[in-house]
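Below is one structure; the comments refer to it alone.
The values are calculated or read from the model by the stated rules, or taken from the named source; none is laboratory data. From a predicted model like this one, the values you see are computed outputs, not experimental measurements. Ideal geometry is used to build each Cβ from the backbone, glycine not excepted, and the neighbour counts take in all protein chains shown. Side chains included, ligands, DNA and RNA excluded: accessible areas come from the protein's heavy atoms. Shrake-Rupley method; radii C 1.70, N 1.55, O 1.52, S 1.80 Å.
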Amino acid sequence: MTESANSRLIYISGGSRSGKSRYAELRAVQLPGPRTYIATCPAIDAEMDERIARHRLQREKYDWLTLEEPLELARVLGECQDSSVVLVDCLTLWINNLLYRAQQNNKEISEEDITTLCTEVAVAARQGKRTIIFVTNELGMGLVPADPVSRLYRDLVGRCNQTIVGLADEAVFVVSGCPIFLKGDVKK
């Protein structure tokens, strides 16, 4: 993988409402330079519209450039090279969007496909002198899902997480708002 001398990939994971996004945003605003926030969540209903608006408002005080991209992460990472810090929130929704698109097109998506796509995302992230922070959920700590689509989704997210963390410089797991450092430099 081509790597810039100053590129840095940070992987932040945790359960739902663990504080991982808040922790990622705090890490990002501590870094100098222009910041881009890549949101992968599609607006699918009124409640989600409200969440998206609330999140945008929270970011305003830090002068984020927000890009909403549910599918083409590698492309959009390549397009925001002027940012010193890029936060992608979140990979879990990105996988959901990829699975949904595949199903809508009567296609299958495999763990191998996800590995390839995640590697492309990491290669795009490594371009330029910047820090990329990936946020994702840890889904593998609960019950095995009862239906095939849910099991596939869990497996695809697990493969994505393993691929990205394997290519990251730092990995953090957030539990109840507390970061646990798994890989790389210990940062607060």
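Quick rundown of the values:
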| read-out | value |
| --- | --- |
| The range 49-93: number of residues that are free of Cβ contacts under 8 Å to residues at least 40 places away in the same chain, more than 20 Å from T115 (Cα to Cα) and not polar (S, T, N, Q) | 19 |
| Positions within the range 59-75 being aliphatic (A, V, I, L, M) and outside any loop (DSSP other than H, G, I, E, B), in sequence order | L65, L67, L73, A74 |
| Matching residues in the range 1-24 - criterion: being in a helix (DSSP H, G or I) and either modelled with pLDDT of 95 or more or aliphatic (A, V, I, L, M) (or both) | K20, Y23, A24 |
| Complete set of residues in the range 19-71 that are under 13 Å from the mean Cα position of the chain (by Cα), surrounded by fewer than 16 Cβ atoms within 10 Å (Cβ to Cβ) and either closer than 19 Å to Q81 by Cβ or of a type in the set (D, E) (or both) | E68 |
| Selection from the range 27-58 of residues that are assigned to a strand (DSSP E or B) and more than 19 Å from G128 (Cα to Cα) | A39 |
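Each row is one residue, and each column tells you yes or no for (1) over 17 Å from the mean Cα position of the chain (by Cα); (2) without any contact (Cβ under 8 Å) to a residue 40 or more places away in the chain; (3) open to solvent by less than 20 Å² (accessible area, probe 1.4 Å).
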position	(1), (2), (3)
C118	no, no, yes
A122	no, no, yes
K129	yes, no, no
F134	no, no, yes
L139	no, no, no
V144	yes, yes, no
P148	yes, yes, no
N161	no, no, yes
